[in-house]
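J.: First the structure, which I've put down as structure tokens, then a few questions once you've had a look.
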Amino acid sequence: MIEGLNDTELELSDLEPTKFVGFDTLESDATVVMLLDRDGNKIDELKDDLGFVIFDTTPFFALGGGQESDNGCVVKKDNSKLPIVDLRKDIVDGIYIHEVNAENNVLNIGDKVHLLVNDTKREQASQNHSALHITWSTLHTMLNEDLPEVGSKLNDEKYQIQFEPDWRVTEQFVMDVVNKMNADVFTKDIKTKIYEISEQEAKDKNYLLDFTKVDKGENVRMVEFPGVGLEPCSGTHITSTNEITKVYYLNYDRNKKRVSLDLTTNYAFAKNYFDEKIIAKVREIETLEGKIKNLKPDYIKTPNLADFEKEENWNYLSVQKLNQVFNDVTKTLNTLAKEEQKRLAKEFEAFDFNEETISNNNKTVTLMSFNDERITDKIVVSSAMKMSRDYQTNLFAIYNEALKNLIIVSNDKALDLKSIADNEDIYNKFDLKGGGSPKMLTLTLSDDNQKEVINSLLN
Ligand SMILES: [Zn+2]
């Protein structure tokens, strides 16, 4: 919602309350009764800009009870459409303020229009909202008492419930709650009952939470899923529990003050979420295990890894289990890779190098060459200093043709290893070791021009 509505409260309070019809329908005819520009000033015409529109009637649900507002559009007589991007009714009670994008269009006071709610978004939000009620009820039924609620919120993608930590409500317990709902509630055709009772009756029956808001003199709207649970609510809901296929358990988060659960009824959202958390992770583990298998052919890969990808395993506990597998496999690979490095370092020191001497400017360089893609510059670096001691030349160099790695050790303070740094077109990687007057230079060359590089250091 764009800013700018804060000083308009007084003007709005003269208006008749907006007639909300959105519990029964997702579209309705309406008349424009007031227009405000993006700064909240009253205007007669909203043209080519974002602004705020108040209609006499609206099917749009405005933020409340933790549920996000609807979006949709205004359809004009000429069939042109203006997006309704946000909605508020908390500036003045009972007045619904629609944020409308009138780009390339215009709205005037008195215009007769048709309002259309984005039904996919509304349906998803209603499913999540109803599932949220049913989750609370099932949790309470399974615990045999009510948990102190900290808050809830939801939109079309997912819902979140928060309560004070309770040792019984473990990660596994939440899984049991979700399984119970999926088995006992969403497989059945339980018709939602919505009715009003007086505030007094709601109080007497202990239906109201501390933060339930009831307007003075208004009745309390009750939403009941017979046999499952009931609570006061002004949100939008499904008409039967069989509209929901299942609930997916996305996340469990616990700190000292609250437990926070993320869940969803939205298949597309769940699929996206678990594609990343499970399917991508399974691929990563397969890659790691492939590398392990190369180092240790008798390694036994994690059995039934592909089972994690099955939809029935799209849940928080599987994600946790898979992360554990990932950590274990990573550790195994790191240990094996370290052992392999040690073994290769030993092998490297016994190599039969191609040795040559380069002379230039009264200086000499020993150049040892080999070709082996297993020998990383890390291995060479760890041995280069020791190897250089056997040679009395000004520079000692080792070149690995397979990786284009050139390591140069200097025995001559007069030669400046840093001078290569400016020559950026000859290397892809440049690294100096040894502080103020560096002793060792590590290069990954862009071409096999190791001799030119060495000669340039001697000039
Ligand atoms: Zn509710």
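The values are calculated or read from the model by the stated rules, or taken from the named source; none is laboratory data. None of these values were measured; they are calculated from a predicted model. Every residue, glycine among them, receives a Cβ derived from its backbone with ideal geometry; neighbour counts consider all protein chains shown. The accessibility values were calculated without ligands, DNA or RNA, using every heavy atom of the protein model including side chains. Shrake-Rupley method; radii C 1.70, N 1.55, O 1.52, S 1.80 Å.
J.: Using a probe radius of 1.4 Å on heavy atoms only, what accessible surface per residue do you get for the chain? Whole Å² is fine.
T.: Value returned for the chain: 53 Å² of accessible area per residue.
J.: Also: Tell me the relative contact order for the chain as a rounded percent, counting alpha carbon contacts under 8 Å between residues six or more apart.
T.: Contact order relative to length: 9 percent.
J.: Let me ask you something else. Over the C-alpha atoms of the stretch 1-155, what are the Rg and the largest Cα-to-Cα span, Dmax, in Å?
T.: Final numbers for Rg and Dmax: 17.5, 58 Å.
J.: From the square roots a ≥ b ≥ c of the eigenvalues of the alpha-carbon gyration tensor of the stretch 298-354, which class results: rounded (a/c under 1.5), prolate (a/b over b/c), or oblate?
T.: prolate
J.: Also, I was wondering about something else. So what are the stretch 29-115's ellipsoid semi-axes, whole angstrom, largest first, if each one is the square root of 5 times an eigenvalue of the alpha-carbon gyration tensor?
T.: Its equivalent ellipsoid spans semi-axes of 19, 14, 12 Å.
J.: In addition: Take the Cα gyration tensor of the stretch 214-356, multiply each eigenvalue by 5, square-root it, and list the three semi-axes largest first, rounded to whole angstrom.
T.: 54, 16, 12
J.: Follow-up question, since we're still on this one. Report, to the nearest whole %, how much of the accessible area of the stretch 291-343 belongs to carbon and sulfur atoms, 1.4 Å probe, protein only.
T.: Carbon plus sulfur share of accessible area: 51 percent.
J.: In addition: Quote the relative contact order of the stretch 9-117 in percent (integer), defining contacts as alpha-carbon pairs under 8 Å separated by 6+ residues.
T.: Worked out over the stretch 9-117, it gives 35 percent.
J.: I'd like to compare 69-75, 147-153: which one has the highest average count of other Cβ atoms within 10 Å, and what's the full order after that?
T.: 69-75, 147-153
J.: Next question, about the same structure. After finding the eigenvalues of the alpha carbon gyration tensor for the chain, what semi-axes result from the square roots of 5 times each, listed largest first in whole Å?
T.: Its equivalent ellipsoid spans semi-axes of 68, 33, 18 Å.
J.: Computed on alpha carbon atoms, what radius of gyration and Dmax characterise the stretch 181-282, expressed in Å?
T.: 17.6, 57
J.: While we're on this one: What is the ratio of the Cα radius of gyration of the stretch 122-265 to 2.2 N^0.38 Å, with N the residue count, to two decimals?
T.: So the Cα radius of gyration is 1.02 times the expected 2.2 N^0.38 Å.
J.: Now a separate question. Lys pairs in the stretch 9-117, Cα-Cα under 17 Å, at least 8 apart or on separate chains: how many?
T.: Lysine pairs meeting the criterion: 9.
J.: Let me ask another. Order 385-398, 238-251, 279-292 from most to least packed using the mean count of other Cβ atoms within 10 Å.
T.: 238-251, 385-398, 279-292
J.: Toward the positive end of the charge dipole of the chain, about the Cα centre and with charges on Cβ (Lys, Arg +1; Asp, Glu -1), which of G51, V32, S383 goes farthest?
T.: Checking the options against the dipole of the chain, the answer is S383.
J.: Once the dipole of the stretch 237-344 is set up with Lys and Arg at +1 and Asp and Glu at -1 on Cβ about the Cα centre, which of L333, S260, I278 lies farthest towards its positive end?
T.: L333
J.: Considering just Cα atoms, how many Å³ per residue does the convex hull of the stretch 94-172 enclose?
T.: 162
J.: Positive end of the charge dipole of the stretch 122-265 (Lys, Arg +1 and Asp, Glu -1 on Cβ, about the Cα centre): tell me which of T241, N251, Q127 has its Cα farthest that way.
T.: Among T241, N251, Q127, the one farthest towards the positive end of the dipole of the stretch 122-265 is N251.
J.: Place a +1 charge on the Cβ of each Lys and Arg in the chain and a -1 charge on the Cβ of each Asp and Glu, then give the dipole magnitude about the Cα centre in debye, rounded to the nearest 20.
T.: The calculated dipole for the chain is roughly 2200 debye.
J.: Is there a quick way to get the dipole size of the stretch 122-265? I mean about its Cα centre, with the Cβ of Lys and Arg at +1 and of Asp and Glu at -1; what is the value in debye to the nearest 20?
T.: For the stretch 122-265, the charge dipole is close to 200 debye.
J.: So what's the net charge close to I43: Lys and Arg +1, Asp and Glu -1, counting the other residues with Cβ under 11 Å from its Cβ?
T.: Once positives and negatives cancel, what remains is -2.
J.: Ignoring any ligand, DNA or RNA, what whole percent of the accessible area of the stretch 113-155 comes from carbon and sulfur when the probe is 1.4 angstrom?
T.: Result for the stretch 113-155: 44 percent of the exposed heavy-atom area is carbon or sulfur.
J.: Cα atoms only, the stretch 354-458: Rg and Dmax in Å?
T.: My reading of the Cα-based Rg and Dmax gives 12.4, 36 Å.
J.: Which of the peptides 334-346, 168-180 is most tightly packed, and how do the rest follow, going by the mean number of other Cβ atoms within 10 Å of each residue?
T.: 168-180, 334-346
J.: For a test of the definition: using alpha carbon positions, the gyration tensor, and the 1.5 limit on a/c, classify the stretch 223-282 as rounded, prolate or oblate.
T.: Cα axes put the stretch 223-282 in the oblate bin.
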